[in-house]
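Contents: one structure, followed by commentary.
The values are calculated or read from the model by the stated rules, or taken from the named source; none is laboratory data. Since we're looking at a predicted model, the values are computed, not measured. Using ideal geometry, Cβ is built from the backbone for each residue, glycine included, and neighbour counts are taken over all protein chains shown.
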């Protein structure tokens, strides 16, 4: 149990029509302070997107999510937020929003491998 550390995660949701409050899961943000890990994993299912809204462009959504990925990695091309401390970047990514891409409330757990945990949560809540 000594290798186990706490982590926090939030599910990334796509809300095609904010006024209708309908959404589907498109990704996961996972943060582990002790392992110094922040990761974002996403996949937008084009069939689900079409079922919810034909007005949204898949490329625009991918570009938006790519910026989240750059921020999580601390990549300078992710802008000023990408230069924040790791925990602050997670808080910014997981913050409540009223746009078409939103995050769930944060949840916590214990793991010895945050990257594997990110994949497991992604498969369970996004790909299923």
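Quick look at the values:
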| item | result |
| --- | --- |
| Answer residue from segment 62-79, given it is in contact (Cβ under 8 Å) with a residue 12 or more places away in the chain and within 16 Å of residue 103 (Cα to Cα) and is surrounded by the most Cβ atoms within 10 Å (Cβ to Cβ) among those | 71 |
| Residue in segment 35-44 that is at pLDDT 95 or above and at positive phi present | yes |
| The one condition in (1) farther than 17 Å from residue 106 by Cα; (2) part of a helix (DSSP H, G or I) that residue 68 fails to fulfil | (1) |
| Residue, farthest from residue 116 (Cα to Cα), within segment 1-14, restricted to residues that are surrounded by fewer than 20 Cβ atoms within 10 Å (Cβ to Cβ) and in contact (Cβ under 8 Å) with a residue 40 or more places away in the chain | 13 |
| Residues that are in contact with a helix residue (DSSP H, G or I) (Cβ under 7 Å, 6 or more places away or on another chain) and over 13 Å from residue 32 (Cα atoms), drawn from segment 60-82 | 67, 68, 70, 71, 74, 75, 76, 77, 78, 81, 82 |
| Identity of the residue in segment 92-121, in contact with a strand residue (DSSP E or B) (Cβ under 6 Å, 6 or more places away or on another chain) and assigned to a loop (DSSP other than H, G, I, E, B), that ends up farthest from residue 14 (Cα to Cα) | 106 |
| Selected residue (only one of 115, 123, 85 is out of contact with any helix residue (DSSP H, G or I) (no Cβ under 9 Å at 6 or more places or on another chain), exposed (fewer than 15 other Cβ atoms within 10 Å of the Cβ) and over 24 Å from residue 44 (Cα atoms)) | 85 |
